[in-house]
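Scroll down for the structure; my scribbles are underneath it.
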Amino acid sequence: MRPRLPFARPTTAVAMLALWAAVPARGANEPVTIENVRLGFQDKFKLGTWTPIAVDLKAGLGRFQGIVEVEVADDDGTPTIFRREVDLSPSAFDTIALFARPGSQHGEMTVSVWDQSHRRRIASKRLDLFAGALDPQQTALLALGNPRGVTEVPLPIADPSPTSTNVQEQPIVVLAPGALPHGIPGRWYGYDGIDAVVLDTNDDLTMQALNTRGEALRQWVQHGGHLVVAIGGKWQAANDSFLKEMLPARGAGRIKIGDTGALESFAGPNSKPLVPAGGPGMEVTKLELVEARSPHALDNTAATPVVVRGAYGFGRVTVVGLDVDQRPFLDWASKRDFWIRALDLRLNADEMTAGAGPMSGMARGRFFQSNASDISTTLHQSLEQFPGVKLVPFGWVAFFVFLYILLIGPGDYFFLKKVLKRMELTWITFPLIVVGVSVLAYVAAYRIKGTDLRVNKLDIVDVDATSGQLRGSTFFTVFSPQNRDYHVAIAPASIGERPIPSAKSAETMVSWFGSPEAYFGGMGNATRMSLSTSPYLYGPIGEPRQLDDVRIPIWTTKGFAGRWFGRAPQVVESKLERSGADRIEGSVTNLLDEPLTGARLVFGKQIYDLGEIKPGETKTLDVRNEILGGYLSRLSLAIPGSNRSNGPQAESDTAVSHRPEIARLLMFYDSTSRTNQANLGPLANGPLHTIDLTGLLALDRPMLVAEIGGDAATLDLGTTSSPPKVDRTTVLRVILPLK
């Protein structure tokens, strides 16, 4: 007899259906769920830069208070965690903004939601990083609104090598924000991976979003970014927006121009006509220059300048008085060339030849190579050289391991069999060999590497003498003599002996510092050998001002990078004025209580060697000047890893001496000519390109560069057994006013 199933009876089936209907849907009783995660811009991000992350959360039936965090590995595979508190009303939907610095494209990013006590993980979502990772040396543009033609910039370009006829793909990517307004970062470092932003002010939706989030974009420009603003028919709205204090030229109505030859010349010698010859011309926005922004008209239109560039803080703003989303610009065959000039991409394109990027090195399957591909790598290497600490080459380590294996294996066997002729004594000889070798290795390591906590540090300090703004970049490597968890933070201190005003309230941030290489130890390599799996945290919660619980194993190093901003004391006094098309004359006075060493004044493409300027001393520019590109070429000869240098230096004191040269080359890398860049061999300037202020040199901003003593930024490593021994280098750059 066939058995009856439970649901054979109608009443039973109805009861089971009712019970099933009463069970809530999956997730309905969860206090919070992760609906979606959006990474970077269009799910793209640049390795080694701060990346915005938008997390869509949906609360359950009750109020939810907890923590949302993102976990991602740094350059050596150690997990890092950025956290934010969240408070959601019952059934509320909200988008939470987080930030992270991915250090490798090989791995995952995990977004998690925890309860308020951080004991229970309620929800999590993992994202694969490989598809969205961009090369650290790749140029990334962000298009806001509808600036037509910007997406054509990445088209193939000719190989800049004078002897090559190949056509290479320019490593430039154009990105767009996600859903507005959350697609626009709310913090300035959300633009960290962007080289330039193009804004079309005719787009109402974008301008409305920037009315609430434009402060982050303004700060990014002030800290060194480049913003290109297209002001068309809605010029009055642009004047009244957050852009008001940044613009080097403001809209003052509309005007028709009949001759567009100046714009065509600006786009390039092979530019196509913008409007037909003999036609009615085109309408543009009339621009009035704002003298406080050091405006420079880049075109020669008779009626009104159409392209104007000016300085804002340590960054630049370029105004384009065109409707870039309408005809005739829409149909212009040369609008791609126009954007390349407006974005000032010519030098960047020249420096990026095929095969120079770290990802191309990874594609060739290299596990290790001695030469660097980026200046940041040479800086990273120089900071890892500690005077008094001898690093044993890997070859010697492998050799001694081989000898150890021979000793405990064949050596022990033949000694017992042929000499003592008692094999059972291996129970004594084997432990003695292991203990003896271990003690010998321990004693030798202490004698070679020491017991001191050591720090190598480079401070690059920028001062705008006109506005009093201060920008600092600090790079340091910590050598730990023991297994320890460190607290890592920086604080502005002084320039020379002059304290930095309101240093305690200055904005600071700190993170890890790695090299953008494809070989072992770089961001582009898939192999990771982290000696610590314990994650460390950015803090305080919601801010990257410090690092907590950073594990540095015994006799190993870890690199860090910090940024800080604030108000600067008066450090120099100058009286400078033009003496020709590209030359200046005048004097510079040192107001510090210590000398300015190796002082050089840079103006345009010229550089004046002032030598040492003693405290209170005034020096005039009646010295021989040279071409800036030639000076930078000579600097490149001394840097290990460059094409014409003497190669990597083995002695630590020699490596340390290269830090001032590396800093100066970072400051003006784009001033090197095509020929001088060839002297740098594989060296590019990708991750640290914001330090380069060549763009301000083109706006007639004189700059004084010199080395100074003292500690521009102090380090806080938490409670340590002894104060660290710090080997510091400080390079000062002052942007001076020009009469």
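The values are calculated or read from the model by the stated rules, or taken from the named source; none is laboratory data. These numbers were taken from a predicted model, which means no experiment stands behind them. Every residue, glycine as well, gets a Cβ built from its backbone with ideal geometry; the counts of neighbours run over all protein chains shown. Remember, those area values only see protein heavy atoms, side chains included, never the ligands or the DNA or RNA. Shrake-Rupley method; radii C 1.70, N 1.55, O 1.52, S 1.80 Å.
Within the stretch 239-257, can you find the residues that are loosely packed, with under 13 Cβ neighbours inside 10 Å and closer than 17 Å to Glu283 by Cβ?
Residues satisfying the conditions are Gly253, Lys256.
Could you count how many residues in the stretch 107-121 are in a strand (DSSP E or B), open to solvent by 50 Å² or more (accessible area, probe 1.4 Å) and either of a type in the set (S, T, N, Q) or under 18 Å from Lys44 (Cβ atoms) (or both)?
Number satisfying all stated conditions: 1.
Provide a single number: the residues in the stretch 553-604 that are over 30 Å from Arg101 (Cβ atoms) and not in a loop (DSSP other than H, G, I, E, B).
22
Quick test for you: out of Asn371, Asn348, pick the one residue that is among the polar types (S, T, N, Q), at pLDDT below 80 and in a loop (DSSP other than H, G, I, E, B).
Residue meeting the stated conditions: Asn371.
May I ask you to say which residue of Thr304, Thr285 is touching a Gly at 6+ places or on another chain (Cβ under 6 Å) and of a type in the set (Ser, Thr, Tyr)?
Values: Thr304 fails: touching a Gly at 6+ places or on another chain (Cβ under 6 Å).
Thr285 is the lone residue from the list that is touching a Gly at 6+ places or on another chain (Cβ under 6 Å) and of a type in the set (Ser, Thr, Tyr).
Tell me yes or no: at least one residue of the stretch 134-150 is at pLDDT 90 or above and open to solvent by 50 Å² or more (accessible area, probe 1.4 Å).
The answer is yes; a qualifying residue exists.
Output the residues belonging to the stretch 727-739 that are at pLDDT below 95 and of a type in the set (A, V, I, L, M).
Once the filter is applied, which keeps residues that are at pLDDT below 95 and of a type in the set (A, V, I, L, M), the stretch 727-739 yields only Leu738.
Hey, Thr285 hits all of (1) in contact with a helix residue (DSSP H, G or I) (Cβ under 7 Å, 6 or more places away or on another chain); (2) open to solvent by 10 Å² or more (accessible area, probe 1.4 Å); (3) under 22 Å from Ser334 (Cα atoms) but one; which does it fall short on?
Answer for Thr285: the failing condition is (2).
Residues of the stretch 482-506 being at pLDDT 90 or above, in contact with a strand residue (DSSP E or B) (Cβ under 7 Å, 6 or more places away or on another chain) and open to solvent by 50 Å² or more (accessible area, probe 1.4 Å), which ones?
Result: Arg484, Asp485.
Out of Leu47, Leu61, Leu5, Leu57, which single residue is modelled with pLDDT under 95, open to solvent by less than 20 Å² (accessible area, probe 1.4 Å) and on the phi < 0 side of the Ramachandran plot?
Leu47
Taking the stated definitions as given, is Tyr608 assigned to a strand (DSSP E or B), aromatic (Phe, Trp, Tyr) and within 32 Å of the chain's Cα centre (by Cα)?
Yes: the conditions hold for Tyr608.
Within the stretch 83-106, is there a residue that is outside any strand (DSSP E or B), touching a residue at least 40 places away in the same chain (Cβ under 8 Å) and open to solvent by 60 Å² or more (accessible area, probe 1.4 Å)? So that I can check it myself, show each step before the final result.
The first filter runs over the stretch 83-106 and keeps only residues outside any strand (DSSP E or B), leaving 89-92, 101-106.
Cutting the leftovers down to touching a residue at least 40 places away in the same chain (Cβ under 8 Å) gives us 101-106.
Pick out the ones that are also open to solvent by 60 Å² or more (accessible area, probe 1.4 Å) and you get 106.
Yes - at least one qualifying residue is present in the stretch 83-106.
Of the conditions (1) open to solvent by less than 40 Å² (accessible area, probe 1.4 Å); (2) within 30 Å of Pro499 (Cα to Cα); (3) free of Cβ contacts under 8 Å to residues at least 60 places away in the same chain, Gly586 fails just one. Which one is it?
(3)
Just checking, how many residues over the stretch 151-180 are open to solvent by 60 Å² or more (accessible area, probe 1.4 Å) and modelled with pLDDT under 50?
Residues that pass the stated criteria total 8.
Within the stretch 319-326, is there a residue that is under 16 Å from Arg148 (Cβ atoms), touching a residue at least 40 places away in the same chain (Cβ under 8 Å) and more than 34 Å from the chain's Cα centre (by Cα)?
Within the stretch 319-326, one or more residues are under 16 Å from Arg148 (Cβ atoms), touching a residue at least 40 places away in the same chain (Cβ under 8 Å) and more than 34 Å from the chain's Cα centre (by Cα).
Hey, among the residues in the stretch 532-560 that are touching a helix residue (DSSP H, G or I) at 6+ places or on another chain (Cβ under 9 Å) and surrounded by 19 or more Cβ atoms within 10 Å (Cβ to Cβ), which one's nearest to Gly710 (Cα to Cα)?
So in the stretch 532-560, the residues touching a helix residue (DSSP H, G or I) at 6+ places or on another chain (Cβ under 9 Å) come out as 544, 554-555, 557, 559.
Still in the running and surrounded by 19 or more Cβ atoms within 10 Å (Cβ to Cβ): 544, 557, 559.
Values: Pro544: 26, Thr557: 24, Gly559: 21 Å.
So, considering only residues that are touching a helix residue (DSSP H, G or I) at 6+ places or on another chain (Cβ under 9 Å) and surrounded by 19 or more Cβ atoms within 10 Å (Cβ to Cβ), the one nearest to Gly710 (Cα to Cα) is Gly559.
Regarding Leu391, is this residue under 30 Å from Lys725 (Cα atoms), modelled with pLDDT of 50 or more, open to solvent by 30 Å² or more (accessible area, probe 1.4 Å) and more than 23 Å from the chain's Cα centre (by Cα)?
Yes: the conditions hold for Leu391.
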